[in-house]
Structures are given as C-alpha cells and as structure tokens.
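A.B. asks: Let me begin by handing over the structure; questions about it come next.
Coordinate-derived values only; no laboratory data. All values derive from a computational prediction rather than experimental measurement. Positions of Cβ are backbone-derived with ideal geometry, glycine not excepted, and every protein chain shown enters the neighbour counts.
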Amino acid sequence: MIKPGRFCFAITLFLLATSFASAQPRRKVIINEDCSGPGGSNLQTLLVMIQSPQVEVLGITVVSGDQWRDEEVAHTLRLLEIIGRTDIPVVPGAAFPLVRTREEAQLWQERYGKVAYAGAWDERWWHEPFVVPKLPEGQPTTKPSEEDAAPFLIRMVHKYPREVTIYEGGPMTNLALAISLDPRFPELVQELVFMGGSLSPHTNDPEFVNNPRHEFNFWFDPEAAQIVLRAPWKKIVCTPVDISIKTHLTSAMIKQIDARGTALGRYLARFFQPGPPFDYMWDELAAAAWIDPTIITKRESRYMSVNLNRGAGYGDTLTWSEKDKPTFPAQPIEIQMDFDKEKFLSNVCEPDGRSHARHSLMFRLLLRRGRTLVAQRKDKLLNLVPFALRSFCVFLGQLTVELKLMLGFRLFPDSPVRLREPIVRLLQFRTNIACLLIGSDGLGKISSGPIENAKLQVRDVELRIEMNGFVKQRLDLR
Ligand SMILES: [Ca+2]
C-alpha cells in the first residue's frame, strides 16, 4: 500500500531533481542519423544524447543509409515511446542519396569488387524503399513530424544561431540539402560533429582490410559528403573508422544493462548482436566524445574530402596535411584517433566486492533513463507532471510484480475503461494501487486484488497514462 505522504514525498523528490537538472543551460543538438533498428549503434546513439543531462535534443532528422528512411523513422518513434520521450520530434529526411543509386552501386561493384556492407541496398535484407516491415519491438503509435529534415535543420539554427551542434551519424544527404537551400546554414551552426571517413584503420575486418579509405557513410552518398565537408562550418570534428573499430559493446556489458530490469535494458539486450561488425560503437563514441571530450586521448588535424571520380575509389576518403593540401576551399578538421577505453567502456567495481559501483560513461548514458524528461517546453510546470507521474508509474509497475509475492493481486479483466478514468481515479485515491493495462484496442483495465501471474499478464502490454488530453506517458512492460 502506498501511503499518501510517501507519494507526496516522492513527487517532491522528483521536482527537486528536476529543478537541479534544469539549473544549467543544456547544449543543443540535432541528431541526423540513419536510424536502423531495432537496437544497434544508431539507436543507442540517440539514447546517449537524449539521456545525457547536459544535452537538449531539438530533434532527430532521419536519412536513408543503414536502412531505408521510413523504416528507420518507425524504429526511432518506437524507441522514443519505450523511453517516454515522444516530445522529441522525429523528422523524416532524404529517402535517397543525391546522385548515387543502388543500380549504379551494383554495377560499380561488378567492376571494382563487392563491398562488405551496403546498408539499405544490401541484398541480404533488401526490400523496396517505402516498405516498412513489421517491427519486432512493436509498432509505434506516434507519428513523425510533418516537416522535412532540411527545412527543420534550417529553422532550428535560425532560431538558435550558433547554439546548435549538428551531430551527423549517417550519410550527409540532409545536411547537403540544408546547405543548398540556405548557404548560411553552416555559419549558424555551433559545430559539426560526424562519424564518417576512414584513414588507415588497423584491423583485419574484411570491410577495411583491402580498402582502408572506404567508409559506408561517405560511400552511400559521396556528393553530399563533398558538399558538407567544403562548407564554412565554425568547427568540424570527425570520428573516423580508425577509432570506431576500437570500441566493442560486449555481451558482459549487455548482461549488466539487462540486469537493471528496465524496459529499455530489456530492449537493448533483446536486440543486441554480439561480435564484429555489429558490436562496434561507431556513432555512440562520436556522441559520447562530444558530451565529454576528455575521453579522446589523441587528435589530429587534417583537411578532408571525398573522391568523386567514378572509378574504383568513388566515395573514398581523401585527406591532406597543411603542407600538401590542394587549392580548393577547405578547412582543417579535428580527427579523433584514440580514446580512453577505461573511461568510455569499463565499469569499475568497488574493492569490497559491490559490483558496478562506478559505471563507465557509456553505461551511464545508455541507462540514464528518466532524468532529463523535463524543462524542454516553456511551461515547466506542465512538464513536471508527466515526469512525476511517469516515475510513479515505473515504481507502480515494479510494485505490482513485487506485491504479487507479498499480497497478491487480481485483474478485473471484464472492466474495460477509457484511458482517462483510471489515472483520474488514481489521483483522487492516492492510497489505491492500480495498474492500467492497455491493449491494442486502446482500452484499459484496472487491476487490484490478488493476481495469479503478474509477469505473464503484463508481458505483452504497456502502461499508459493520460490526463485532460495533455499528459501522456507510456511505459513498455515487455
Ligand atoms: Ca549511423
């Protein structure tokens, strides 16, 4: 039984935590990403950014790359539902590269050799561009933004001139389009941070061993990369293949994440694919290094471009030093070459055996769920409400299972109610424990009393609350 006093105390704690979190201005970022999923480097990068208390994600602009855009948009929407951050706009961008096509890329491979990985074009999982296969993590009910990525990017940097970082983790098509529409776009951006390019990675990975200058994001849309790299950004930071392939998300780490028992932990564990090339933390590293630059231990400055000749090197990374650079307009790029593995990835155990008392940056960012939910909108008070309610419901969800053992619970399966009623009732009778189970029909059922098997009952449903039309939170209990 939850005592009213304890409930109010919990709410007060949430409010206090919230006010501290919003005391410092957060760094604004737009994440441009080829959001393939479920799980994996692209979506884990969204988590790294969204869950950092120092970061305000203005939006996620999606581009075809690892998968087709529409499928990526669906995976992104679903992930935001799982972590309760549907307030972040998901903005669809380019469905196709500027010039290169799948057919051309196939002919190119017949002539110059097969690439190890071709993203959305890859015949191993090929489907038509606008088909969205059934999502194993569940279909999203939220919708993407009606605005296109390029106008969104331009609008945001005019709204917050020189305050917004553009994080680029995929092919650069959306950025090239934004630059073409508004040549002032790069000047208005604080800095460009991107994962892409390859210099001389030390690896036996078949994707790079014979082609060290080949990298997928550049290869998929070389012309877009060229447009972006020669634009007048204030600062450019590059995370190339060279450093990315030194990162591995291990099964042991996933086990620790899963052990937290959260919906997000379960999601990450369920869709984790061990071993190269799936376990490289390509894009997470670029994001984490922007959040905490001290994890980078070695940097180099180079000039960078892309090979646009339609020969064997089409799409390859070109770099020069200050002394030998060509005469075309270019600017030095900060290239990350090595990082502090301990700080980035390793969890540190306490000497007394309490495991994982101090977690790595990556572990904390992947699992820092629910701490940065608020202060995104002008009316902060309204934002406090879903934060508190959501945290309460997380508590409630856990409590339901625990109470099964201590007191016992029972569902009333024949009493469907509309979404609004249970939560209003919950607020009116704060001492009552209620669990709202929502089926795909949008109807909810209140539970109370003994329950035979809570785990089975809640496995395929989600907890969702709605009040007066403006408070909506959902929690996936799978
Ligand atoms: Ca990516």
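A.B. asks: Taking 0.36 nm per intervening residue step and subtracting the Cα-Cα distance, what contour gain separates Thr294 from Asp70 on full extension?
C.D. replies: On the way: separation 224, 0.36 × 224 = 80.64 nm, distance 3.59 nm.
Extra length available between Thr294 and Asp70 comes to 77.1 nm.
A.B. asks: Report the FRET efficiency, 1/(1 + (r/R0)^6), for Phe278 and Lys323, where r is their Cβ-Cβ distance and R0 is 41 Å, rounded to 0.05.
C.D. replies: Details: r = 39 Å, r/R0 = 0.96.
Result of the calculation: an efficiency of 0.55.
A.B. asks: Then there is this: Distance from a point 7 Å along Cα→Cβ of Glu110 to each backbone N in region 123-144: keep the residues under 18 Å and list them by number.
C.D. replies: 123-124
A.B. asks: Give me the extension gain from His202 to Tyr160: residue separation times 0.36 nm, minus the current Cα-Cα distance, reported in nm with one decimal.
C.D. replies: Details: separation 42, 0.36 × 42 = 15.12 nm, distance 4.01 nm.
Full extension of this stretch gives 11.1 nm more.
A.B. asks: Let's test the formula: R0 of 22 Å, r as the Cβ-Cβ distance of Asp340 and Ala252. What FRET efficiency results, to the nearest 0.05? Mind dumping the intermediate values first?
C.D. replies: Details: r = 19 Å, r/R0 = 0.87.
It comes to 0.70.
A.B. asks: Sticking with this structure for a sec: Could you point to the residue in Leu107, Trp320, Asn210 farthest towards the positive end of region 34-367's charge dipole, with +1 and -1 charges on the Cβ of Lys/Arg and Asp/Glu respectively?
C.D. replies: Going by the charge dipole, the pick is Trp320.
A.B. asks: How do the peptides 140-146, 240-246 rank, highest first, by the average count of neighbouring beta carbon atoms within 10 Å per residue? Please list the in-between numbers first.
C.D. replies: Working: 140-146: 14.4, 240-246: 23.4.
Result, highest mean first: 240-246, 140-146.
A.B. asks: OK, next. Picking from Leu80, Leu135, Gln51, whose Cα lies most toward the positive end of the charge dipole for region 34-367 (charges on Cβ: Lys, Arg +1; Asp, Glu -1)?
C.D. replies: Selected residue: Gln51.
A.B. asks: In the structure displayed, which of Lys28/Lys298; Lys298/Lys325; Lys28/Lys159 lie more than 20 Å apart, Cα to Cα? Before the final figure, lay out each step's value.
C.D. replies: On the way: Lys28/Lys298 25 Å; Lys298/Lys325 22 Å; Lys28/Lys159 12 Å.
Beyond 20 Å between Cα atoms: Lys28/Lys298; Lys298/Lys325.
A.B. asks: Same structure again: Please compute the net charge surrounding Val55, taking Lys and Arg as +1 and Asp and Glu as -1 over other residues with Cβ under 9 Å from its Cβ.
C.D. replies: Numbers: positive: Arg26, Arg27, Lys28; negative: Glu56.
Around Val55, the surrounding residues sum to +2.
A.B. asks: Right, next: Which of rounded, prolate or oblate describes region 34-367 when judged by the alpha-carbon gyration tensor and an a/c cut-off of 1.5? Before the final figure, lay out each step's value.
C.D. replies: Working: a/c = 1.33, a/b = 1.24, b/c = 1.07.
Here region 34-367 falls in the rounded category.
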